[in-house]
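Peer 1: Before I ask anything, let me first share the structure, which is written out below as structure tokens.
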Amino acid sequence: EGMVSYRENGAVDFICGAGIDITAQKRTESALRLSEERYRSFVQNLQGIAYRLDMNLRPVFIHGNVEKLTGYREDEFLNGMVRWKHFIFSEDIPSLRANIDRARTIPNYTGENTYRIIRKDGTLCWIREYLSSVCGEDGLPAAIQGIVYDITAEKQAEESLRASDARYRLLAENMRDVI
């Protein structure tokens with residue numbers, strides 16, 4: 001800030017000012033901007049879904065290939081029209097629930113889930129999810145965050161390999177009969 005004093009004839013009598021070194025502030029702002037750009041690039045190019053849930057399991061953030069993976073838009077999750085739990089394959093709910101309960105109660109918990117969802121179009125999708133609890137200032141879980149990937153192609157390849165192995169085993173076991 002500065003101050004200017006004028007004489008009666010309008011001429012400047014004196015100028016008083018102070019300078020503040022804001023170099024550190026500018027460096028911090030630049031580092032923050034770079035960090036935000038990196039984060040934005042990561043999330044925009046994410047092949048899965050990144051999310052953050054409050055302790056009632058309502059999404060406060062969800063981004064990535066949401067519509068491609070589920071058939072639903074991000075805003076449908078954020079405004080509560082769609083809840084993730086409503087399209088989890090029923091047989092997979094117990095193991096998934098146990099891991100989520102741990103994330104809700106154990107500080108700094110990290111876990112992994114593999115389960116199935118039923119997309120909006122009725123098709124089945126295999127999911128691999130990595131989740132963790134996010135602690136508040138009191139050290140207790142205050143949120144859950146994670147990332148979800150579509151592993152349907154991987155699961156289909158595993159099933160195809162199992163079927164192929166079974167056919168080979170059957171052929172090998174019955175080879176003596178053929179000879």
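The values are calculated or read from the model by the stated rules, or taken from the named source; none is laboratory data. No experiment lies behind these values; they were computed from the predicted model shown. We work out accessible area using only protein heavy atoms, side chains counted, and drop any ligands, DNA or RNA first. Shrake-Rupley method; radii C 1.70, N 1.55, O 1.52, S 1.80 Å.
Peer 1: Karplus couplings for segment 100-117 from phi (6.51 cos²θ - 1.76 cosθ + 1.60, θ = phi - 60°), rounded to Hz, Gly and Pro as x?
Peer 2: Ordered by residue, 3J(HN,Hα) equals 5, 4, 5, 5, 7, 10, 9, x, 6, 5, 10, x, 9, 10, 10, 7, 10, 10 Hz.
Peer 1: Roughly how many percent of the accessible protein surface of the chain is carbon and sulfur, given a 1.4 Å probe and a whole-percent answer?
Peer 2: Accessible surface attributable to carbon and sulfur in the chain totals 52 percent.
Peer 1: Among (i) 1, 7, 10, 13, 13, 10, 7, 6, 5, 5, 4, 4, 4, 3, 2, 2, 1, 1, 0, 0, 0, 0, 0, 0, 0; (ii) 2, 9, 15, 17, 18, 15, 13, 6, 3, 1, 0, 0; (iii) 1, 6, 5, 5, 4, 5, 4, 4, 4, 4, 4, 4, 4, 4, 4, 3, 3, 3, 3, 3, 3, 2, 2, 2, 1, 1, 1, 1, 1, 1, 1, 1, 1, 1, 1, 1, 0, 0, 0, 0, 0, which one is P(r) over Cα pairs in 5 Å bins from 0, in percent computed from these coordinates?
Peer 2: (i)
Peer 1: Follow-up question, since we're still on this one. Measure nothing fancy, just the Cα-based angle from helix 23-44's long axis to the longest principal axis of the chain, in degrees from 0 to 90, nearest 10.
Peer 2: 20
Peer 1: Okay, next question. So, for the chain, what is the accessible surface per residue at a probe of 1.4 Å, expressed in square angstrom?
Peer 2: Using a 1.4 Å probe on heavy atoms only, each residue of the chain averages 71 Å².
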